[in-house]
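These notes are about the structure you will find just below.
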Amino acid sequence: MSQTHIAIVVGSLRRESFNRQLANALPRLAPKDFSFKQLEIGDLPLYNQDDDAKQAPQVLRFKSEIKAAHGVLFVTPEYNRSVPGVLKNAIDHASRPYGQSAFGGKPAGVIGVSVGAIGTSIAQQHLRNILAYLDMPTLGQPEAFLQGKDGLFDASGDIGKDSKAFVQSWMDAYVAWVKRHATV
Ligand SMILES: Cc1cc2nc3c(=O)[nH]c(=O)nc-3n(C[C@H](O)[C@H](O)[C@H](O)COP(=O)(O)O)c2cc1C
């Protein structure tokens, strides 16, 4: 059976990040023919259009990892009612030079944890705008706005019992979405 590769981009660099924990837990809910790799974005330089003609090795690595994936999964917190700058920086890098974006056509999923009850909903809407421009078919339903509170993860790092069925339904929908839209 051929493998479907998913690149995970986490929008937080924080050591104890809830979103990183979510990114670690999500692959355990996917079928065996799906594999996941979390991409490093913390070492990317600040985007500068002057560098488009000679992108840094870290940028070329990030772009090639996106290009090699069948789909991209964004797991992000909300910062000041939008996406964190580190995530936007990574997206801008891989979208350039003009006409050489790594993202076009890749099926995307968007999910996130914040401490607020409606946390990540506005960040996700902003991200959806960006992904629409980048020509990425993005799973619309179910939306998944998770709250980072006690019990979200269990002692093994799996999704806790209260949220497990919902997050599983989200993953099932994302897997079906990627199967429908993947082109590489
Ligand atoms: C700069 C900054 C801005 C934030 N803005 C929001 C926000 O707009 N909405 C929200 O729900 N939480 C906001 N938070 C709180 C985050 O939800 C919280 O820090 C969360 O743990 C970040 O995700 P992480 O655990 O993956 O790092 C903000 C946190 C920071 C550091």
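The values are calculated or read from the model by the stated rules, or taken from the named source; none is laboratory data. Treat the numbers as computed from the prediction; the structure is a model and nothing was measured. Heads up, the Cβs are rebuilt from the backbone with ideal geometry, glycines too, and the neighbour counts pull from every protein chain shown. Ligands, DNA and RNA are stripped out before the accessible areas are found, and what is left, the full protein with its side chains, is counted by its heavy atoms. Shrake-Rupley method; radii C 1.70, N 1.55, O 1.52, S 1.80 Å.
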Note to self: With angles folded into 0 to 90 degrees, how steeply does helix 161-181 sit against the dominant principal axis of the chain? Use alpha carbons for both and round to 10.
What the structure shows: 40 degrees
Next item on the list: Report, in degrees rounded to the nearest 10, the 0 to 90 angle that the Cα long axis of helix 57-68 makes with the longest principal axis of the chain.
Entry: 60 degrees
Notebook entry, point to check: What number, rounded to the nearest 500 deg cm²/dmol, is the helix-based mean residue ellipticity at 222 nm of the chain, given -39500 (n - 2.57) per DSSP H run of at least four residues and division by all its residues?
Noted result: -11000 deg cm²/dmol
Check: PHE153's amide H: which non-local residues (gap 5+, or another chain) put their own amide H closer than 5 Å, with H modeled 1.01 Å from N in plane and none for Pro or chain starts?
Finding: GLY160
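Determine Rg/Rh for segment 27-83; Rg is computed over alpha-carbon atoms and Rh is the Kirkwood hydrodynamic estimate from the same atoms.
Working: Rg = 14.4 Å, Rh = 13.9 Å.
With Rh from the inverse mean 1/r over Cα pairs, Rg/Rh is 1.04.
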Note to self: With unit charges on the beta carbons (Lys and Arg positive, Asp and Glu negative) and the dipole taken about the Cα centre of the chain, which residue among LEU152, SER35, PRO84 sits farthest to the positive side?
What the structure shows: SER35
Notebook entry, point to check: About the Cα centre of segment 1-87, what is the dipole size in debye to 20, counting +1 per Lys and Arg Cβ and -1 per Asp and Glu Cβ, all else neutral?
Noted result: 300 debye
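For segment 2-63, which whole percent of the accessible surface, found with a 1.4 angstrom probe, sits on carbon and sulfur atoms?
Details: 1760 of 3460 Å².
So the carbon and sulfur contribution to the accessible surface is 51 percent.
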Item checked: Magnitude of the charge dipole, the chain, Cβ model with Lys/Arg +1 and Asp/Glu -1, debye to 20 -> 240 debye
Note to self: Output wanted: per-residue J couplings in Hz (rounded whole) for segment 94-103, from phi through Karplus 6.51 cos²θ - 1.76 cosθ + 1.60, θ = phi - 60°, x for Gly and Pro.
What the structure shows: 6, 8, 10, x, 3, x, 10, 5, 7, 8
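In whole percent, and with a 1.4 Å probe on the protein chains, what portion of the accessible area of segment 116-167 is carbon and sulfur?
Values: 1510 of 2820 Å².
Carbon with sulfur: 53 percent of the solvent-accessible area.
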Note to self: Pairs on different chains or at least eight residues apart, Cα atoms closer than 21 Å: how many lysine pairs in the chain fit?
What the structure shows: 20
Margin query: Taking the solvent-accessible surface of protein heavy atoms with a 1.4 Å probe, what is the per residue accessible area of the chain in Å²?
Written below: 50 Å²
Checklist line | Cα Rg over Rh - the chain, Kirkwood | finding: 0.95
Margin query: If I fit a long axis through the Cα atoms of helix 121-133 and take the longest principal axis of the Cα atoms of the chain, what angle between them do I get, 0 to 90°, rounded to 10?
Written below: 40 degrees
